[in-house]
Amino acid sequence: MAETLDWRGAVPGLEVLEREPMDRHTTFRIGGPARWLLLPGDAAQAAAVLRLCRERGIVPFFLGNGSNLLVEDDGYDGVILSTARLDKTAGEGERLYAESGVSLARLAGLAADRGLAGLAFASGIPGSVGGAARMNAGAYGGEMAQVIARVDCLDPEGRPKSLTGEECGFAYRHSIFCDRPWLVTGVLFTLTPGDPAAIRAEMAELNRRRREKQPLEYPSAGSTFKRPQGRFAAALIEECGLKGLTVGGAQVSEKHSGFVVNRGGATCADVLTLMDRVKARVLEQTGILLEPEVELLK
Ligand SMILES: Cc1cc2nc3c(=O)[nH]c(=O)nc-3n(C[C@H](O)[C@H](O)[C@H](O)COP(=O)(O)OP(=O)(O)OC[C@H]3O[C@@H](n4cnc5c(N)ncnc54)[C@H](O)[C@@H]3O)c2cc1C
């Protein structure tokens, strides 16, 4: 198991954090300590981590920006591989390459600076390029699948692979990476020429709409539940009179019922109890079973 390997010094140059509080690495600001949090600085270090994990029978958890993640209060007794230090970018013509730890906000800003359109939708999504590619993140009619030309990744043995956008099997909030334990290391985007000022204006407008509708003043993990077929989770939750429902520090947002927010000091247990109550009431009143969008790491 994970404890049998002391990661300090196991891979030359690898940044290693032991018993690292995960509330520092999730947008919910919730989560106990991770036994090991590893931060490779490049794809070669990431591959070395994956090979060592494979040899020891360890299944690492991949962490992007932690913006769709709920970590248990007891923490995670295993290995977390963070992409936070995979943060390089490069561009040529209409193509932009970003390593998986680059934030979508930075990526969208870079594209705008270069006069490349197609990523304005992503500028307010608080995820990383890798996390967003994995779940085909989207908003305001745009989604990652529309702009991804190629995804570079590592398989569990640390071998590099490259997939075209088509090979990624993108669907609504889904890709092949949801079914395969491959680490996304970088993404090549194909964009279209545009006017930097107009792209910036579009980003500003979309982010204004976001601030108006979403409770960005509180920590959260975005939409708590997936969109049920033909309905909106937020509308169902509101219809059932659950807006503002509170358990400990966790609350169904008064501004947007689709979000559970951390009003201060919320625990993972608070959030899970609140989610259970919401699910039970919505099922009882509407017959619809809500499925969590937020991923639980335990
Ligand atoms: C305020 C707020 C607003 C949001 N708005 C939106 C929105 O409009 N649209 C939307 O789609 N989402 C939205 N989200 C949710 C979230 O930002 C996205 O799901 C985002 O894509 C998650 O990326 P991440 O890097 O934070 O992933 P994480 O939360 O770190 O991880 C999510 C999953 O991806 C996996 N993963 C992460 N990195 C990699 C990698 N490099 N390779 C393989 N697997 C990886 C993890 O193992 C985990 O299974 C919002 C969240 C918040 C907090």
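Within the stretch 89-211, all pairs of alpha-carbon atoms sorted by distance into 10 Å bins from zero give the percentages 15, 49, 29, 7, 1. The stretch between residue 140 and residue 280, if pulled fully straight at 0.36 nm per residue, gains 47.4 nm over its current Cα-Cα span. If R0 equals 51 Å, the separation of the Cβ atoms of residue 18 and residue 208 corresponds to a calculated FRET efficiency of about 0.75.
What does the highest-first list of 6-14, 181-189 look like by mean Cβ count within 10 Å?
So the order, starting with the most tightly packed, is 181-189, 6-14.
Note on the stretch 2-82: Cα-only Rg and Dmax are 12.1, 33 Å.
Counting 0.36 nm for each residue step from residue 161 to residue 200 and taking away their Cα separation leaves a gain of 10.6 nm. Dividing the summed -39500 (n - 2.57) terms of all DSSP H runs of n ≥ 4 by the residue count of the chain sets its mean residue ellipticity at 222 nm at -8000 deg cm²/dmol.
Bridging of residue 88 to lysines at a Cα separation below 27 Å is possible for 161, once same-chain residues fewer than 8 apart are set aside.
Using a Förster distance of 22 angstrom, determine the FRET efficiency expected from the C-beta separation of residue 106 and residue 217, and round it to 0.05. Step by step, r from the Cβ atoms, then E = 0.50.
Size descriptors for the chain, from the alpha-carbon set: Rg then Dmax equal 19.5, 57 Å.
Altogether, the Stokes-Einstein calculation at 10 °C and 1.306 mPa s, with the Kirkwood radius of the stretch 159-233 over Cα pairs as Rh, returns a diffusion coefficient of 97 µm²/s.
Here the simple spin-label model places points 7 Å from the Cα toward Cβ, and for residue 8 and residue 178 these points are separated by 4.0 nm.
Using a ≥ b ≥ c from the Cα gyration tensor of the stretch 217-297 (square roots of the eigenvalues), is it rounded, prolate or oblate, where a/c under 1.5 gives rounded and otherwise the larger of a/b and b/c decides, a/b for prolate?
prolate
Compactness check for the stretch 36-148: Cα Rg over 2.2 N^0.38 Å is 1.16.
No lab work stands behind these numbers, since they all come straight from the coordinates. All values derive from a computational prediction rather than experimental measurement. Backbone-built Cβ (ideal geometry, glycine too); neighbour counts: all protein chains shown.
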